[in-house]
Amino acid sequence: MSIAEFILVSGDFMGEWVETSKCWKWKSFNKVTILIPVRRTSSYDEFVASIMQSGDLDCTPNDVVISYVMHSREKVNPTIINSDVRVLTYIMDVDADGFRLILWIKCG
């Protein structure tokens, strides 16, 4: 059994996090997600570059904020991906859940 070198993740580039009484929710402005090919062994810099290229983002890599929420019934804070370790954790979470955890991406 071989493991694919790339995984496809989904990203929503237009929205913001809104805190409700029960949990954090992503309020999408356009309800569109984009598939992003990501190498399983990506460093943080490679991960950001893949996202910027797929989303055709017009900002610097330092201005990109990437987050996601594990599916939970509890109120949890979004996980910010800001290091090699967080990229690896996200990829492991995707593999463990068996489906794509949507990345919420802000530029600026």
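Summed over segment 17-26, the residues that are in contact (Cβ under 8 Å) with a residue 12 or more places away in the chain and surrounded by 11 or more Cβ atoms within 10 Å (Cβ to Cβ) give a count of 4.
Go through Val94, Val76 for me and flag whichever is among the β-branched types (Val, Ile, Thr), at pLDDT below 85 and not in a helix (DSSP H, G or I). Of the residues listed, the single one that is among the β-branched types (Val, Ile, Thr), at pLDDT below 85 and not in a helix (DSSP H, G or I) is Val76.
What residue, of Leu8, Leu57, is closer than 15 Å to Ile102 by Cα and hydrophobic (A, V, I, L, M, F, W, C)? Being closer than 15 Å to Ile102 by Cα and hydrophobic (A, V, I, L, M, F, W, C) holds for just one of Leu8, Leu57, which is Leu8.
The single condition among (1) modelled with pLDDT of 85 or more; (2) out of contact with any Leu (no Cβ under 8 Å at 6 or more places or on another chain) that Ser67 does not satisfy is (2).
Each residue in segment 1-42 was checked for being touching a helix residue (DSSP H, G or I) at 6+ places or on another chain (Cβ under 7 Å), closer than 18 Å to Thr79 by Cβ and outside any strand (DSSP E or B), and 2 of them qualify. Residue count for segment 32-52, restricted to those that are touching a residue at least 60 places away in the same chain (Cβ under 8 Å) and surrounded by fewer than 19 Cβ atoms within 10 Å (Cβ to Cβ): 1.
The values are calculated or read from the model by the stated rules, or taken from the named source; none is laboratory data. Treat the numbers as computed from the prediction; the structure is a model and nothing was measured. A quick note on method: Cβ atoms are made from the backbone with ideal geometry, for glycine too, and the neighbour counts reach across all protein chains shown.
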